[in-house]
Amino acid sequence: MTHTPLPNVPWQLTGNHWLSLPCIHPADGAIHVVGVLHRGARAAVEFAGDPAFVDGQGTPLLAPVIVVDGVQQDLSAGTMAWERGAAWLPTFTCTLGDLVVRGSVFAPYGRDADVAGAVYLFGVENRGAVAHDVTVRLEGTLGHRQLRVRTPRPADDRSRVSAANGLVILEGSAQPGLVALALGAEGEPDVEVQGTSFRIGRSIAVTAGANEPLAFYLAAGPERDGAIATAAVLRRRGWRVLLAGTRDALQQLEQSTGIDAIDRLINRNLLFAYFFGVGRAIDDAHYYLVRSRVPWHEAGVTIRDWHALMWTLPAVQLADAGLARELLLRMCELHSYAPGRGVHYFDGTLFEPGFALEGVAAYPIAVDRYIRDTGDDAIVDEPAVGDALYLANEDIRDRRDSRLPLYSTDVTPGGRAAAHPFTLHANAAVAMALDVLRRTLDEAASREVQDPAAVRAAIKRHFAPEREAKAALAAAIDLAGQRSTDDDPSASAVWLPLYELMSRDDSLYRRTVKAIPDD
């Protein structure tokens, strides 16, 4: 895997399960890319202003422009201050003389606001004594379209921008297309299109003491008619209803510890996992788990069983048990035909072979955690879940050593080749999975499941050097005397108490963790 450097710009980001908006420039509020998932392409489809959008170079896709009394204002002059509403809605405030301009970008979310679109909302407040003529517009260029599984591939067809019924339509020239965008505004906007560049705006008079809102709507569809129809839905519902519904829904996802600083950290990361680790495909509306929808992550929109079930799903489960159930079923339906066998495209197709034992163990562990957190033990009656548990049991059994209750793997959850076949982290996860399987499989099958206590005893006996009073556990062994102490961050010994191998107070655990290098 090629490691991608982090972008040079501290982007603001937001989105819903349909649209990702990962590159909102903090200097001027410009949107540099809009992304959606496409099941047929097994990829993210992204519209941008320039191929170098990740680093903020080139013309943006959508840039806000404010004109006051005929003079265009410079929004990047250093007066733009940002905050995040409901931990997920980036909002800026900018002072232009006696005018205060507020801008907020949000992608509607919630029971009555789940739309494949986004809203750019502006508020212009006049704190002076004189009225001003103000024009607010969005302008930009469709300079680049790409498909991205892990690395970007430019679209082969020509980009096309057109105007229709007060909307700007962004699409490709090839038919049938994959994605189209429609950009509109409240009221009767002025629309101009020249080649692949465009502008759409409205002019208003802002009297002294007044605060005037203006909203722009961005809609997505699998082709232009669908995008136009979605834009009409956004305009009909209006920004007030969409924003209120989104705020209410986001507040229901929030977690509280009683400490504001910790709450902000938890909720921002929770919402990032919720919206950027999960997406709905524009062409079939189904939910899919992906590694990350941000365009600079080296794993792109591929996924491993372990990452989906042990990293993303617990975050979703914390906030939304209903969606967690649907995602667990989707994982079992699409990916459990070959649990742990490698990296998958988000639709379940194998992307990169490489057996990771943790990926197999993740299915029983994830099912058990879901049941414990929600009380919904009926999920094991779902055919897809039952099949996944039995397949996981078979694959774990096939990996058992012929002599000892220890289990082999080929790669770590991070994709690195295992230093030796038997890894500490994988066997700890397997022991926990066996615990679950003994409780959930039918009586005949559960009798054949290896006793997890024997696995845990074998781990402590074979991963710690004999005759050493202050021994630490090895990260990997081969059962022939070779051992490695290199701790893989994706499969670290730090997590052993999570799998009930030993407590955090255990002296062997404490010595093992203390020996891990800080870097």
Fill in: residue 396 free of Cβ contacts under 8 Å to residues at least 60 places away in the same chain and crowded, with 22+ Cβ neighbours inside 10 Å
yes
Practice prompt. Residue by residue through the stretch 298-315, note down the ones that are surrounded by 18 or more Cβ atoms within 10 Å (Cβ to Cβ) and assigned to a loop (DSSP other than H, G, I, E, B).
Written response: 299, 300, 301, 302, 304
Worksheet item: Residues 86, 81, 77: which one is touching a Lys or Arg at 6+ places or on another chain (Cβ under 6 Å), in the same structural domain as residue 242 (by TED's automatic domain parsing), farther than 22 Å from residue 298 by Cβ and not basic (Lys, Arg)?
Response: 86
Worksheet item: Of the conditions (1) surrounded by 17 or more Cβ atoms within 10 Å (Cβ to Cβ); (2) closer than 22 Å to residue 327 by Cα; (3) without any contact (Cβ under 8 Å) to a residue 60 or more places away in the chain; (4) not basic (Lys, Arg), residue 383 fails just one. Which one is it?
Response: (1)
Practice prompt. Return the pairs, sorted by first residue and then second, in which the second residue is loosely packed, with under 14 Cβ neighbours inside 10 Å and among the polar types (S, T, N, Q), the first residue lies in the stretch 48-72 and is without any contact (Cβ under 8 Å) to a residue 60 or more places away in the chain and part of a loop (DSSP other than H, G, I, E, B), the beta carbons are less than 8 Å apart, and the residues are 6+ apart or on different chains.
Written response: 56/8
Worksheet, complete the sentence: Filtering the stretch 479-519 down to residues that are among the acidic types (Asp, Glu) and within 20 Å of residue 414 (Cβ to Cβ) yields 486, 487, 488, 518, 519
Worksheet item: Could you say whether any residue in the stretch 248-257 is in contact (Cβ under 8 Å) with a residue 60 or more places away in the chain, closer than 30 Å to residue 164 by Cα, in the same structural domain as residue 111 (by TED's automatic domain parsing) and surrounded by fewer than 16 Cβ atoms within 10 Å (Cβ to Cβ)?
Response: no
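A quick yes/no check of all residues on (1) hydroxyl-bearing (Ser, Thr, Tyr); (2) surrounded by fewer than 17 Cβ atoms within 10 Å (Cβ to Cβ):
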| position | (1), (2) |
| --- | --- |
| 14 | yes, no |
| 18 | no, no |
| 22 | no, no |
| 27 | no, yes |
| 42 | no, no |
Worksheet item: From 109, 120, which residue is in contact with a strand residue (DSSP E or B) (Cβ under 7 Å, 6 or more places away or on another chain), among the aromatic types (Phe, Trp, Tyr) and either buried (at least 23 other Cβ atoms within 10 Å of the Cβ) or outside the structural domain of residue 249 (by TED's automatic domain parsing) (or both)?
Response: 120
Worksheet, complete the sentence: Quick count over the stretch 181-192, residues being surrounded by fewer than 16 Cβ atoms within 10 Å (Cβ to Cβ) and modelled with pLDDT of 95 or more, is 2
Item to complete: Those residues that are surrounded by fewer than 23 Cβ atoms within 10 Å (Cβ to Cβ) and over 15 Å from residue 103 (Cβ atoms), I need them from the stretch 207-221; list them, please.
Response: 207, 208, 209, 210
Worksheet item: How many residues are under 17 Å from residue 431 (Cα atoms) and either outside the structural domain of residue 458 (by TED's automatic domain parsing) or hydroxyl-bearing (Ser, Thr, Tyr) (or both) if we restrict to the stretch 472-519?
Response: 4
Worksheet item: If you scan the stretch 217-274, which residues turn out to be among the hydrophobic types (A, V, I, L, M, F, W, C) and touching a Ser or Thr at 6+ places or on another chain (Cβ under 6 Å)?
Response: 219, 273
Worksheet item: Take the residues of the stretch 186-233 that are of a type in the set (A, V, I, L, M, F, W, C) and under 26 Å from the mean Cα position of the chain (by Cα): which is nearest to residue 130 (Cα to Cα)?
Response: 216
Fill in: Which numbered condition residue 225 fails, given (1) assigned to a helix (DSSP H, G or I); (2) touching a Gly at 6+ places or on another chain (Cβ under 8 Å)
(2)
Worksheet item: For residue 439, are the conditions met, namely being more than 21 Å from residue 404 (Cα to Cα) and either out of contact with any helix residue (DSSP H, G or I) (no Cβ under 6 Å at 6 or more places or on another chain) or modelled with pLDDT under 95 (or both)?
Response: yes
Practice prompt. Restricting attention to the stretch 51-83, report how many residues are surrounded by fewer than 17 Cβ atoms within 10 Å (Cβ to Cβ), of a type outside the set (A, V, I, L, M, F, W, C) and either under 25 Å from residue 5 (Cβ atoms) or touching an Asp or Glu at 6+ places or on another chain (Cβ under 9 Å) (or both).
Written response: 8
Practice prompt. Would you be able to tell me the number of residues in the stretch 399-447 that are among the acidic types (Asp, Glu) and in a loop (DSSP other than H, G, I, E, B)?
Written response: 3
Worksheet item: Among (1) part of a strand (DSSP E or B); (2) in contact (Cβ under 8 Å) with a residue 60 or more places away in the chain, where does residue 191 come up short?
Response: (2)
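For every residue, the table says whether it meets (1) within 22 Å of the chain's Cα centre (by Cα); (2) within 20 Å of residue 490 (Cα to Cα); (3) surrounded by fewer than 24 Cβ atoms within 10 Å (Cβ to Cβ).
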position	(1), (2), (3)
317	yes, no, yes
321	yes, no, yes
333	yes, no, yes
342	yes, yes, yes
350	yes, no, yes
354	no, yes, yes
363	yes, yes, no
366	yes, yes, no
372	no, no, yes
Worksheet entry | Whichever residue in the stretch 470-519 is within 26 Å of residue 359 (Cα to Cα) and of a type in the set (S, T, N, Q) and, among such residues, is surrounded by the most Cβ atoms within 10 Å (Cβ to Cβ) | 512
Item to complete: Take the stretch 54-99 and flag every residue that is farther than 19 Å from residue 121 by Cα and within 33 Å of the chain's Cα centre (by Cα).
Response: 54, 55, 56, 57, 58, 59, 77, 78
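The values are calculated or read from the model by the stated rules, or taken from the named source; none is laboratory data. Since this is a predicted model, take the numbers as computed values, not measurements. Here Cβ is always computed from backbone atoms with ideal geometry, including for glycine, and neighbour counts include all displayed protein chains.
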